[in-house]
Amino acid sequence: MMSRRMFSMCGRSWSLPIGSRSQGLRGLRNYGLSCCVNALLQSFSATWELVDLLEGWNPVDKESVPLYLRKALLAMQSDQSQPAPHRDFLHCLDRNDICFYVQQDADEVFLSILNLIQQQMSDKVLAQEIQSLYKVTMETYLQCLECKYIETGTSFLLSLPMHIRESHDSLEDCMRFFFKRQELRDGDKCYCERCGEKKPSQQGFKLISLPPVLCLHLKRFRNSHGYTRKLHYKVTFPETLNISEILTAEALSERYVQSDSQYSLCAVIVHSGVAMFGHYTAYVRHKNQSWYYANDSSVRQVSWKEVQNTYGGSQREDTAYMLLYRRTPEGKQQEWSSG
């Protein structure tokens, strides 16, 4: 069941130029708390691998999420000065329990859209290709600390959840923490097949493969005793990264391909405000390698320094919530770097 957290700030009146546009990017009108979907659509539009797959699709589907997503993204690519039409996509999401006029959590909506593409697209081969754009494959590891029995398996995620500590963090530290083996004791003990009961255990993951587009979710909302609060703590993130330089050998499967480790940041989904009162926007990097800021109908070109302002650290600041990195061939990192 999806969260029904309401961000009331999305419904306020913004003094923005309707239909403003920059370098071929089109804004999206805010239809009653649609800022979350608007920001995600901007990140999808900047993912030309996804746009190309949908553009080459000959749909026979009717009234499906992938059909209306295709229409919205192709409209965003067209050269017009007014905001791109996407209201049909919003209504289609509403029919699929991503409710109109209720602001959802951006990561949950992102995953729901990808899952609905899998469920509703009649071309299952293409649906699998779209999922593979974001699919992270991992080995799961669970060892009983008493009998030493080890249980392994394979799983995948479309978005990696990054735990945020209540102090200064870097994205690299968050990734290392995700892949660090954790001890499970007391109420967190796991069932051991050999012992036949719950025992203290050690749990971990090993990376098997990374996708063309890597989505990292900075978990800034934390629930405690029925109360949701937002973590405004500073989390720095680089414009380019090399996964194999961040993670230790213990976190990498023997099947992991080292040459697939180079990534460049291509989109940042931003949340401003607090847990129950906020607004979503997006920074996106398009093919001309420049950064743009999309705030519903308004789009303008910005510098990498402005993107860095979303690191957080103060309740008055916008904070990065989702980071999307595109795999970059070795030797191409320098030309993608603005710094």
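Details
- Whenever a residue of the range 176-190 is closer than 13 Å to Leu145 by Cα, its partners that are open to solvent by 70 Å² or more (accessible area, probe 1.4 Å) and part of a helix (DSSP H, G or I), lying with C-beta atoms within less than 9 angstrom and at least six residues away or across chains, give the pairs Arg181/Glu250; Gln182/Asp188.
Yes/no matrix, rows are residues, columns are (1) over 25 Å from Asp188 (Cβ atoms); (2) among the small types (Gly, Ala, Ser); (3) surrounded by fewer than 20 Cβ atoms within 10 Å (Cβ to Cβ); (4) at pLDDT 95 or above:
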{"residue": "Pro200", "(1), (2), (3), (4)": "no, no, yes, no"}
{"residue": "Gly204", "(1), (2), (3), (4)": "no, yes, yes, no"}
{"residue": "Cys215", "(1), (2), (3), (4)": "yes, no, no, yes"}
{"residue": "His225", "(1), (2), (3), (4)": "no, no, yes, no"}
{"residue": "Arg229", "(1), (2), (3), (4)": "no, no, yes, no"}
{"residue": "Glu239", "(1), (2), (3), (4)": "yes, no, yes, yes"}
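- Test: residue in the range 133-141 that is touching a helix residue (DSSP H, G or I) at 6+ places or on another chain (Cβ under 6 Å) and touching a residue at least 60 places away in the same chain (Cβ under 8 Å): yes
- Condition broken by Ile130, with the remaining ones in (1) out of contact with any helix residue (DSSP H, G or I) (no Cβ under 6 Å at 6 or more places or on another chain); (2) of a type in the set (Val, Ile, Thr); (3) in a helix (DSSP H, G or I) satisfied: (1)
- Residues of the range 146-196 satisfying the condition of being among the aromatic types (Phe, Trp, Tyr) and in contact with a helix residue (DSSP H, G or I) (Cβ under 8 Å, 6 or more places away or on another chain): Phe179
- The residues on offer are Ser155, Ser122, and the sole one that is more than 21 Å from the chain's Cα centre (by Cα), at pLDDT below 95 and under 30 Å from Arg70 (Cβ atoms) is Ser122.
- When we screen Tyr321, Tyr256 for residues that are of a type in the set (Phe, Trp, Tyr), touching a residue at least 12 places away in the same chain (Cβ under 8 Å) and within 30 Å of Met76 (Cβ to Cβ), the only hit is Tyr321.
- Scope the range 158-173; condition modelled with pLDDT of 90 or more and either open to solvent by 60 Å² or more (accessible area, probe 1.4 Å) or not in a strand (DSSP E or B) (or both); matching residues: Leu158, Ser159, His163, Ile164, Leu171, Glu172, Asp173
- Top-ranked residue of the range 279-296 - restricted to ones that are modelled with pLDDT of 95 or more and among the polar types (S, T, N, Q), ranked as farthest from the chain's Cα centre (by Cα): Asn295
- Subset of the range 174-192 (residues that are more than 25 Å from Ile246 (Cα to Cα) and not in a helix (DSSP H, G or I)): Arg185, Lys189, Cys190, Tyr191, Cys192
- Residues in the range 188-221 that are within 19 Å of Ser159 (Cβ to Cβ) and touching a Ser or Thr at 6+ places or on another chain (Cβ under 7 Å): Phe205, Lys206, Leu207, Ile208, Ser209, Pro211, Val213, Cys215, His217, Arg220, Phe221.
- Considering the conditions (1) open to solvent by less than 40 Å² (accessible area, probe 1.4 Å); (2) part of a loop (DSSP other than H, G, I, E, B), Pro66 is excluded by exactly one of them, (2).
- From the list Leu50, Leu41, Leu33, the lone residue that is touching a residue at least 40 places away in the same chain (Cβ under 8 Å), part of a loop (DSSP other than H, G, I, E, B) and either open to solvent by less than 10 Å² (accessible area, probe 1.4 Å) or out of contact with any Ser or Thr (no Cβ under 6 Å at 6 or more places or on another chain) (or both) is Leu33.
The values are calculated or read from the model by the stated rules, or taken from the named source; none is laboratory data. Since the model is a prediction, treat every value here as computed from it, not as a measurement. All Cβ positions, glycine included, derive from the backbone under ideal geometry; neighbour counts span all protein chains shown. Calculation scope for accessible area: heavy atoms of the full protein, side chains included, ligands and nucleic acids excluded. Shrake-Rupley method; radii C 1.70, N 1.55, O 1.52, S 1.80 Å.
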